[in-house]
Ligand code: KG4
Ligand code: ZN
C-alpha cells in the first residue's frame with residue numbers, strides 16, 4: 001500500500017512516499033531554518049507563508065523521487081495537530097484538495113503519535129511500551145498501547161525540552177537551531193563543570209512530570225552560582241553541564257516510569273531524540289531497551305506521517321473534509 005505523507009506543522013515543509021508503513025521510497029524535507037535564524041526561533045507568519053509557496057513543489061518532488069504518480073497512491077496522510085495553526089492549515093488544505101480531486105482516501109494524523117511511530121518504522125518494539133516524545137514544543141512520557149492509543153503519564157509543566165535547548169543557545173548566541181548547536185558544543189565540554197539544580201516537583205501527585213524553567217533560569221541568570229570549584233566557566237563546559245541536567249531529567253523519569261509499569265521498552269521521538277547524550281545515556285539505564293528513530297526521522301518529516309497514516313488507512317479509517325487543524329495535543333491522560 002502506497003501512502004503520500006505531508007507535514008507542515010512547524011517550520012519543515014515535508015512530503016514522503018512510504019510503502020506499507022515502513023519502506024521509505026522518498027522523503028523530501030524543505031527546511032525553513034535560514035528564514036527563521038535571525039529571529040532565533042520560528043516566526044509563525046513566515047512559516048505559513050513559506051509553506052504556501054513550497055508545498056506543491058515539495059509534494060511533486062516526493063512523488064518524482066519515488067517514481068510514482070498521485071494516481072498510484074492508495075491513500076494520503078497529513079498532520080492535522082498539534083502545531084502552529086497557520087502552518088498546519090497549509091498542509092491540511094493541500095491534502096484535502098488532493099483527496100477531493102483524486103477521490104483518494106485520506107487521513108488526518110497526530111504529529112506526536114507520528115514521532116513515536118518513526119521508531120516503530122525501523123524497529124519491532126513489543127507493545128505495550130513507553131514513549132518519550134521530546135521536541136521543540138512538547139515533552140511527554142506516554143504509555144503506548146498501539147499506534148493510536150497513547151496515554152500521557154508525564155509532561156513538562158512549563159518549557160519543552162527542545163525549547164530549553166533553544167533558549168539557552170539564543171541567550172549565549174551559540175547558533176540556530178539551538179539543540180544541534182548545544183549538542184555539538186557540549187561534545188568538547190566538561191559535563192561536571194557546573195552543578196545545575198534539579199526541579200523539585202511533587203513526587204506523589206506527578207512523579208513523571210518535568211520542569212525546565214528552573215534549569216533555564218539557572219543557566220541563563222545564575223550560571224556562576226553553580227560553577228564547581230576549580231572548573232572553568234567556558235561555553236563548552238556550560239553546554240555540556242546544561243545538556244547533562246536537561247537530559248538527566250528525562251532519563252530519571254523514564255527509569256521511574258519503567259519501574260512502576262514494568263515496561264522496559266522505550267521508543268523515543270521528536271527533534272531531541274537526535275541528541276547524542278540522550279542516545280548514549282538512555283540505553284545505559286539498567287533494564288531499559290531504548291529504541292530511537294534513524295537521524296533523518298528524528299526531526300519533522302513526511303515519512304513518519306505516511307507511516308502512521310498507513311496504519312489507519314489499511315484498517316479503512318479515513319477523515320472527512322470537515323476535519324479541523326488543532327494547535328493542541330489531544331492524547332489521553
Ligand atoms: O520535532 P521537531 O523537529 O519539531 C517540533 O515538533 O518541535 O523538534 C525540534 C526541536 C528543536 O527545539 C531543536 O532544538 C531540537 O528539536 N533538537 C535537538 C537536537 N536536534 C534538534 N535538541 C537537542 N539535541 C539535538 N541534537
Ligand atoms: Zn515534531
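Quick rundown of the values:
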| read-out | value |
| --- | --- |
| Beta bridges per DSSP with both ends in the chain, % antiparallel, nearest 5 | 60 percent |
| Model label zone, residue 259; criterion: amide N under 20 Å from point 7 Å along Cα-to-beta-carbon; scope the range 266-291 | 266-267, 281-290 |
| Virtual spin-label span in nm between residue 146 and residue 45, 7 Å along Cα→Cβ | 4.5 nm |
| Along each principal axis, Cα extent of the range 58-129, largest first, Å | 39, 31, 21 |
| Span from the the range 37-58 Cα centroid across to the the range 252-270 one, whole angstrom | 35 Å |
| Shape of the range 184-314, Cα gyration tensor, a/c cut at 1.5 | prolate |
| Cα-projected label distance for residue 232 with residue 122, points at 7 Å along beta-carbon direction, nm | 3.5 nm |
| Cα gyration tensor category, rounded, prolate or oblate, for the chain with a/c compared to 1.5 | prolate |
| Sequence of 319, 135, 327, 205 once ranked by neighbouring C-beta atoms within 10 Å, starting from the fewest | 205, 327, 319, 135 |
| In degrees, nearest ten, helix 111-120 long axis to first principal axis of the chain (Cα) | 90 degrees |
| Helix-derived mean residue ellipticity, 222 nm - over the chain, DSSP H n ≥ 4, -39500 (n - 2.57), to 500 | -12000 deg cm²/dmol |
| Helix 235-261 vs. the chain, principal-axis angle (Cα, 0 to 90°, nearest 10) | 70 degrees |
| DSSP-defined antiparallel bridges as percent of all bridges, the range 1-148, nearest 5 | 70 percent |
| Over the chain, relative contact order from alpha-carbon pairs under 8 Å, at least 6 apart, % | 25 percent |
| Cα gyration tensor shape of the range 1-122, rounded if a/c is under 1.5, else prolate or oblate by comparing a/b with b/c | prolate |
| 183, 34 arranged by Cβ crowding within 10 Å, fewest neighbours leading | 34, 183 |
| Helix axis angle, 44-66 relative to the chain longest principal axis, alpha carbon, degrees | 60 degrees |
| Choice from 193, 260, 77 showing the highest fluctuation, given a GNM over the chain with Cα pairs closer than 10 Å | 260 |
| GNM top mover of 225, 243, 32 - the chain, alpha-carbon springs below 10 Å | 225 |
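No value in this document is a laboratory result; all are computed from the given coordinates. Note that this is a predicted model, so its numbers are computed, not measured. Glycine also receives a Cβ, built like all others from the backbone with ideal geometry; neighbour counts cover every protein chain displayed.
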